[in-house]
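Worksheet: the structure to be examined is printed underneath.
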Amino acid sequence: MKNKFLFLSFLILSFSSKAQDAWKISADKIDPNKYFGITAANGILGIVSSPQPFKVKNVILAGAYDTYGRGRVSNFLNGFNLLNMYIEIDGKRLDEQNTSNMQQQLDMKHAAFTTQLQFGKKANVKYTYYALRHLPFTVLMDVTITANEDLKLTAASVMETPDALRDVENYYNEIDRPHVTLSLLTSTAKSPTGKLQLCASNSFLFTEQHGSEPKIIHEMWDNNSHLMKFRKTLKAGESYTYSVVGSTISSAQHADPLNEAERMTIFAKLEGHDRLIKFHNLAWDELWKSDILIQGDPQAQQDVHSMLYHLTSFSRAGTSYSLSPMGLSGLGYNGHVFWDTDIWMFPALLVLHPDIAKSLIEYRYERLEPARRNAFSHGYKGAMYPWESADSGVEETPVWALSGPFEHHITADVALAAWNYYCVTQDKEWLKEKGWPILSQTADFWASRVERNGPNQFDIKNVVAADEWAENVDNNAFTNAAAKLNLVNANLAATILGLPQNKDWDLVEKNIPILKFADGVTKEHASYKGEGIKQADVNLLAYPLKIIIDKNQIEKDLAYYETRIPDEGTPAMTHAIFALLYARTGNAEKAYSYFKEAYQPNLNPPFRVIAETKGGTNPYFATGAGGVLQSMLMGFGGLDITSKGIIQLKSILPSNWKSIKITGVGIEKKTFIVTNKN
């Protein structure tokens, strides 16, 4: 009875949060067959949770791509698993068969993932891991064993090489210093083609209060796996805590990744546990100064925090990395960068974290030269961005997907992101140095891409629409409108920079058609006859393009196209745009209905992670989160990005929401509030 009471007290202290806690997502019952992991990430490293005790599913390192049999294109690689471990108590290795009462929790406020479980009557175990926000290549795991009876503990950190890597080399080093011995478990390997070297190193970190640190034992299992371990005897009622700290980096980030991985691990170890946690927490506290606060809907608040957490944890200021649809949650979509970044995820980050958004647009600027070569190879001028992009900036779409050669709106999407970055920051130096090259060369692309078929008729033919079920169509509404906006914004940038207007850009923009049906509904493309569509296309002309601004036209297009979306198989973003537009046009009931429809049917257990589609199994779909966050910020919140900065338009809230408060907006970190008048 005493042991049972101790364990229950342990649970209450550790996981006292409710299911709708604003900051903590808890899983009180773990079913391995219905488990979709959640990610602790810092913008460079993503650690994906596992239902197995003492395991993480995988570790993703941003920027590490190679070709290895998946569509003959570059792909994200699984990196070294720095946090793989095992624990033995009295000679028995703990696993899913001999442990019970596993519970897990993500603390989104400080990006900490905790697992706890019970080993019979002997012990309770709790471990928490972090992708340290202030140290982009470093992770930390804290482990606490609470002995309910006398026991002998063996704890090991295991370094295994992911299957795709080759030419593995394993090292174990002990560096003696007067007051500490630095034990380093290190591995290095080549990526599948040998293009990259990936390296990882970790060490135990002790806060020993009862004598000297335990002796570390190194064991080499085989070429792909080795470990270090220690032993400890615990008395009944005693708790013992130790940590594993480690770093991983590749030659994509550093010329000497092997030595650098060890240096960074030594740095982190000698910083000490308390300083690591202190600076990690401070970094997240700073990020959360930009927030969306909902009064009156605790579950929506938790879900919105989860979306903000994921977008923020998948990206980072001070880099030139962008976001793939699945962020750092796995290998989905090969880790490639699509319009998902520029249209769906970038705007929310731009409004709340302009410094992070700068990294995303820096990614595009650094790949402007490959975009120029892409335009040249297709017979066009200027810069033509690839539909799928990885590290090099060349086209990475598998050849079976026609979006690679034909989904040209991506070029205008990149240009819109660049223009919006200037609008929010008003940074003329950036506009001159980086924004103008993007805007002018993408405008040159569209001026060469149109077919000049007589007065007032400059067609854009043979494209894949934003509605990707419409392949090889002419005069697609979104493509044409995005091109027009690209040309307008390029000339606006010229005015700001004191450069002459480009008369041909103006001529082309005025002659690109936006087609309509006889009843005035905007027509998706020249051959469109009312069939079902994969995702929003025409409705994007009202937002984010703002080409259509008449309320009656917006409502007419909504009424038509919301009936063309199938119940299954469509991505999450469409309903978010419907929610945004209905909030802006004053229909609170429909706005809230589509807000819920945008993500709730796509949630997977046990952490409410978003999949791309209803019933989908590929979380975390950061693109969908970006769409929903825009429905919050620019829909219910009324925020609008203009050439003069961020303003607030009239909007409307669902009847059950008392208010929303948006903090830390833009470079001035303003606060905007919307209160329900009902």
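Rule-based calculations on the coordinates, nothing more; no lab input. Quick caveat, the model's predicted, so the values are computed rather than measured. As a convention, Cβ positions derive from the backbone with ideal geometry for all residues, glycine included, and neighbour counts pool all protein chains shown.
Between the listed residues THR39, ILE646, GLY330, the Cα displaced farthest toward the positive end of the dipole of the chain, a dipole computed from Cβ unit charges relative to the Cα centre, is found at ILE646. Here each label is just a point 7 Å from Cα along the line to Cβ, and for ALA526 and THR663 those points are 5.4 nm apart. Shape class of segment 409-448 from the alpha-carbon gyration tensor: oblate, with a/c at 1.5 or above and b/c at least as large as a/b. Each label point was placed 7 Å from the Cα along the Cα-to-Cβ direction; for ASN224 and LEU270 their separation is 3.6 nm. Computing FRET efficiency as 1/(1 + (r/R0)^6) for ARG263 and ASP427, where r is the C-beta to C-beta distance and R0 is 25 Å, gives about 0.10. With no solvent and one point on each alpha carbon, what is the Debye value of log10 I(q)/I(0) for segment 2-287 at q = 0.07, 0.08, 0.09 Å⁻¹? Log10 I(q)/I(0), no solvent term: -0.25, -0.33, -0.42. Helices of the chain meeting both criteria, an alpha-carbon length of 27 angstrom or more along the long axis and an average Kyte-Doolittle score not below -0.5, with helices taken as full DSSP H segments, are 477-496. Exposure proxy ranking for ASP413, ASP66, ASP427, based on other Cβ atoms within 10 angstrom of each Cβ and starting from the fewest, stands as ASP427, ASP66, ASP413. The Cα center of segment 37-63 and the Cα center of segment 280-300 differ in position by 22 Å. Estimated from helices alone, the mean residue ellipticity of the chain at 222 nm is -9000 deg cm²/dmol (sum of -39500 (n - 2.57) over DSSP H runs with n ≥ 4, per residue). For GLU369 and LYS644, what is the calculated FRET efficiency with R₀ set at 30 Å and r taken between the beta-carbons, to the nearest 0.05? The pair GLU369/LYS644 has a calculated efficiency of 0.40. Taking the centroid of alpha carbons for each part, segment 609-678 and segment 574-606 are 11 Å apart.
By the compact-protein rule of thumb, 2.2 N^0.38 Å, the alpha-carbon radius of gyration of segment 127-199 corresponds to a ratio of 1.48. Highest mean packing comes first when the peptides 318-324, 340-346 are listed by Cβ atoms within 10 Å, giving 340-346, 318-324.
The separation of segment 245-268 from segment 345-403, counted between C-alpha centres, amounts to 28 Å. Remark on ALA536: its backbone amide H falls under 5 Å from those of THR574, a criterion applied only to residues 5 or more positions apart or on other chains, H modelled at 1.01 Å from N.
Packing-based ranking of 613-626, 462-475 yields 613-626, 462-475, ordered from highest to lowest mean Cβ neighbour count within 10 Å. Sorting the segments 226-234, 238-246, 642-650 by their residues' average number of neighbouring beta-carbon atoms within 10 angstrom, most packed first, yields 238-246, 226-234, 642-650. Summing charges over all other residues whose Cβ lies under 10 Å from the Cβ of VAL464, with Lys and Arg as +1 and Asp and Glu as -1, gives -4. Under the criterion of Cα pairs below 8 Å and six or more residues apart, the relative contact order for the chain equals 12 percent.
On the principal axes of its alpha-carbon atoms, segment 547-648 has extents of 41, 31, 23 Å, going from largest to smallest.
The base-10 log of I(q)/I(0) for the chain, evaluated at q = 0.07, 0.09, 0.11 Å⁻¹, reads -0.48, -0.78, -1.10 [Debye formula, identical scatterers on Cα atoms, solvent excluded]. Calculate, for LYS235 and ASN656, the FRET efficiency according to 1/(1 + (r/R0)^6) with r their C-beta to C-beta distance and R0 56 Å; round to the nearest 0.05. Result of the calculation: an efficiency of 0.55. Across segment 2-287, Cα pairs under 8 Å and at least six residues apart give a relative contact order of 18 percent.
The percentage of C-alpha pairs in segment 182-241 whose separation is greater than 19 Å is 49%.
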